[in-house]
Every structure is written in C-alpha cells, then in structure tokens.
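The values are calculated or read from the model by the stated rules, or taken from the named source; none is laboratory data. Small disclaimer: the values here were computed from a predicted structure and weren't measured. Every residue, glycine as well, gets a Cβ built from its backbone with ideal geometry; the counts of neighbours run over all protein chains shown. Please note that ligands, DNA and RNA were not included when accessible areas were found on the heavy atoms of the full protein model with its side chains. Shrake-Rupley method; radii C 1.70, N 1.55, O 1.52, S 1.80 Å.
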Amino acid sequence: MRISVIGAGYVGLITGVCLAKLGNEVTLIEIDAQKVKALNDRVPPIHEEGLAELMGQVDMDVSSDHQKSRHSEVIFICAGTPSNEDGTVFLGHITAISDQISKVLRSRGDYCVVVVKSTVPPDTTEGIVVPILEKSGKKCGKDFGVCMSPEFLREGKAIYDFMNPARLIVGECDKRSGDTFLRLYESFDAPILRTTLRTAEMIKLASNAFLATKISFMNEIGNICKRLHIDVYDVAEGMGLDDRIGKKFLNAGIGFGGSCLPKDIRMLKTTAREVGYQPRFLDEVTNLNDQQAIRLVRLAKKHINLEGATIGLLGLAFKPGTDDVRDSRAIAVVKALLGEQALVKAYDPLAVENFRKMFPNLDYVSKEEVLNCEAILILTEWEEFNELDYRGKIVIDGRRVARARDARIYEGICW
Ligand code: UDX
C-alpha cells in the first residue's frame with residue numbers, strides 16, 4: 001500500500017521502516033531538516049537493535065513536504081506528545097500535523113485513512129484531530145476515514161515488537177476505516193481488537209499505567225521483604241507461577257523511567273482530574289517510584305558520609321540496551337547525591353552523551369574509575385556490570401546485579 005508516516009520520532013521511524021520492509025511504498029515526513037538529511041543518508045538518529053541494517057535495506061522516501069502524502073492510502077500521525085510543566089499534555093505537534101493533512105485533504109478526490117499512533121488522552125482523535133481534518137471541507141466517515149491504533153513497542157526491542165505485536169488495537173470511526181487500515185497488517189498473526197477511537201486511546205494509557213503499577217507494587221513488596229530478610233526475587237518467582245499474575249514486570253529495584261511509563265501515567269492522572277476524579281491510587285504509584293531513587297541514596301548514607309565523598313554510578317540509561325535517559329532514575333539519584341555535596345563520577349556504555357546534556361559538569365569516567373570510588377551505586381542492569389570485580393568495594397545495588405554481591409559491603413535496594 002502507499003503510506004505516509006508523519007513524524008520521524010521513535011514510533012514514526014520504526015513504523016515507517018518496518019512497513020517499508022513489509023513491501024509498502026513509504027514516505028516519511030519530518031519537519032526537522034537535519035533529521036531528514038540524516039535519514040536520507042540512512043544514519044539512524046536513535047540507538048535501536050537492527051535499525052541501521054533495516055534502514056540500509058529499505059527503499060523509503062524521507063521529506064519535509066506534506067504534499068507528498070497526497071497519494072497515500074493510509075497516513076500515520078506519529079507526533080511526540082510531551083508533558084507540559086504542569087503535567088498536562090502538549091498536543092501542539094498533533095494539531096500542527098492535522099492542519100497539514102487537512103490542507104492535503106482539501107485537494108484530494110480519493111479516500112484515505114488517517115491513523116493516530118501517538119499516545120494521546122482519550123477524545124483527542126475524535127474531539128481535536130477529526131474537527132481539524134474536517135476543516136478541509138471533507139467529511140470523516142465519507143470522504144476520509146480515521147483510526148487510532150496505539151503502539152506498544154519497547155525501546156531496544158522496537159523492530160521485533162513492531163513485527164511481532166502481542167495485539168493490534170484498532171480504534172475506528174467506522175468499519176471502512178478499520179478495514180482499510182488492517183490491510184496493512186494482513187500478514188500479521190496477532191489478536192485484533194476493533195473498538196472506538198476513545199477506547200483505543202484509553203487502552204494505551206491503562207496498559208502503561210498497569211505496567212508501572214506492577215513495578216511500584218513489587219518495589220513496595222520489596223521494601224517490606226528487605227525489613228523481613230525475605231528475598232523479594234524468590235517471592236516474585238512464586239507469584240509469577242500464577243498465570244493470573246504473570247512472570248513479567250515483577251523485578252523490584254529503583255523503579256521505572258523512560259519516555260512512556262512516567263509520561264503516560266501522568267497523562268492518565270491529568271485526564272482523570274479533568275473529569276473530576278482524584279486518581280489516588282495512580283498518584284501513589286508515581287510517589288513510590290519517586291521515593292525509590294531517594295531510598296537508594298539513603299541506603300548509601302548508612303555506609304558512607306556522602307559529603308565530599310566520591311560516589312561512582314554504574315548506569316545512566318533508563319534501562320539496558322538503550323541510550324535513552326528520559327525520566328531515568330539516574331536523574332533523581334544524581335540530584336540527591338549533589339544535594340548531599342557528594343562528588344559524582346558516572347559511567348554508562350551508551351547514554352553518557354545524552355546525560356551530559358542535562359548534567360554537563362558531572363565527571364564521566366570509565367567503569368574501572370567508577371570501581372575506584374568510595375562507594376558504587378548500580379542504576380542500570382547492563383550485562384557488562386555483571387563481569388566487574390567488586391571485591392573490596394562498597395556497593396549499593398538498585399538493579400540486582402549478581403556479581404556485585406562479591407563486594408565487601410553489599411546492599412540491595414529491596415533485598
Ligand atoms: C514501555 C512499555 O513496555 C511499552 O509497551 C510501551 O510502548 C512504551 O513503554 P519501554 O519504555 O521501552 O516500554 O521500557 P520497559 O521495558 O517497559 O521498561 C520501563 C521501565 O521499567 C524501565 O526503567 C525498567 O528498568 C523498569 N522495569 C521494568 C522495572 O523496574 N522492573 C520490571 O520488572 C520491568
């Protein structure tokens with residue numbers, strides 16, 4: 001099929017590249033001229049397993065010209081939806097792209113489907129996107145169709161997740177929209193749920209809020225287990241044998257970060273407040289997550305006077321396998337350590353350059369240098385950290401790295 005993907009962020013780029021790989025004629029539309037050039041030179045702007053290779057294989061047009069979507073049968077909106085300072089969501093990119101599509105629709109005589117893939121608060125597609133598209137003079141459900149299909153891919157596994165989705169959620173304004181969109185996924189073997197636009201939007205927010213909840217729940221259980229000298233990882237194993245609970249997302253530690261979980265739970269809480277509901281449970285999921293990072297620093301204080309001490313950090317990325325530091329727990333840990341007047345030295349195999357943008361004055365060193373600090377805090381479970389020699393060291397572990405137990409003094413955040 002002929003498709004356009006608007007917005008070459010994480011979701012847009014992966015969607016475009018994967019749909020091109022599946023044999024579709026793809027145009028990726030992006031306003032950032034530098035990004036367009038890099039993508040046309042096939043330089044991936046993000047670190048993602050298999051992406052560079054796939055970009056080299058596919059024939060995909062990258063441009064900043066919205067008119068290029070005028071022959072597309074499906075047009076994806078993949079704009080970022082960052083949080084504003086006050087926790088509300090910034091929809092400016094979504095509205096700007098919708099405006100551009102509306103201009104293209106005005107001159108089109110044929111039917112196409114616009115698909116919102118960005119994570120948005122319920123009612124955004126119906127209440128904001130559709131009215132802007134209809135400014136073209138064309139009617140939703142007659143001249144063009146609209147779907148909302150959230151993306152569930154994980155960073156580091158994005159291509160695999162796109163190609164092997166656990167489920168396809170298709171919010172549709174009418175059957176024809178969903179039928180047209182689903183032609184793209186004919187070769188996929190995933191359960192499909194067809195639903196309303198608003199329900200699809202909510203499924204995405206509720207899914208990520210649930211994953212965040214699982215983590216905060218296990219962190220709370222871990223904090224209790226630690227006091228009782230019970231291993232929370234054994235508890236998780238026992239719980240996970242019940243398939244109503246499931247084995248995944250039960251790893252206790254310093255909590256969740258990244259571009260989705262923290263932002264999506266914020267979006268859901270704001271939405272709840274806007275409709276007059278106090279989301280006390282979801283508030284607590286976030287509070288617990290914020291406290292875990294501080295708890296790690298408090299544990300370090302039990303063993304070492306932080307003022308003037310050299311503290312080494314292993315890991316800055318929000319999880320292994322990525323250079324992404326958005327909402328990484330390392331941010332809160334660094335702030336707390338600097339607040340205690342500690343001297344911070346940090347190592348990460350991929351994320352230093354991104355972390356440096358936020359903390360330009362931190363001392364970024366090799367992992368060997370981190371090992372020579374007065375105390376070591378483990379913030380990301382990179383595999384290579386399991387190959388270090390921790391003997392004789394003081395280690396406070398936020399991520400359960402087995403080898404770190406060889407340390408002279410070893411303490412885990414929940415164990
Ligand atoms: C997440 C969702 O998994 C994905 O479906 C959605 O589309 C985007 O958000 P991602 O942000 O890539 O994906 O990371 P994920 O692997 O889910 O991990 C999120 C955070 O939770 C990380 O900081 C990770 O360290 C933490 N985590 C995860 C735990 O602390 N314990 C766990 O058991 C699992």
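Worth pointing out:
- Applying a threshold of 25 Å to the alpha-carbon distances of Lys35/Lys248; Lys117/Lys157; Lys263/Lys302; Lys35/Lys214; Lys214/Lys367; Lys21/Lys117 flags Lys35/Lys248; Lys263/Lys302; Lys35/Lys214; Lys214/Lys367 as lying beyond it.
- Rounded to the nearest 10 degrees, the inclination of helix 280-303 to the longest alpha-carbon principal axis of the chain is 30 degrees.
- Rounded to the nearest 20 debye, dipole of region 2-195 from Cβ charges on Lys, Arg, Asp, Glu: 580 debye
- Over region 348-388, the hull volume per residue, using the convex hull of the C-alpha atoms, is 81 Å³.
- Low-density loop positions, GluC sites (Glu not before Pro), region 31-110 - DSSP coil, at most 11 other Cβ in 10 Å: Glu85
- Cα centroid separation, region 68-145 to region 285-308: 44 Å.
- The gain in end-to-end length when the Lys175 to Asn372 segment is fully stretched comes to 64.6 nm, 0.36 nm per residue minus the alpha carbon separation.
- Averaging Cα coordinates gives a centre for region 241-258 and one for region 1-51; these two points are 32 Å apart.
- Contact order, relative form, for the chain: 11 percent (alpha carbon pairs under 8 Å, 6 or more residues apart, mean separation divided by residue count).
- Backbone HN-Hα couplings from phi across region 184-196 [Karplus 6.51/-1.76/1.60, Hz, Gly and Pro as x]: 5, 10, 4, 7, 7, 10, 10, x, 10, 10, 9, 8, 7
- Solvent-accessible surface of the chain, taken per residue with a 1.4 Å probe and all protein chains present: 45 Å².
- For region 48-184: span of alpha carbons on each principal axis (Å, largest first): 43, 41, 30
- For region 149-203: rounded, prolate or oblate by the Cα gyration tensor [a/c cutoff 1.5]: oblate
- In region 168-255, trypsin sites (Lys or Arg not before Pro) in a DSSP loop with at most 14 other beta-carbon atoms within 10 Å: Arg244, Lys247, Lys248
- Extension gain (nm, one decimal) between Leu241 and Glu49, 0.36 nm per residue minus Cα-Cα: 66.1 nm
- Accessible surface of region 229-412, 1.4 Å probe, proportion on carbon and sulfur as whole %: 50 percent
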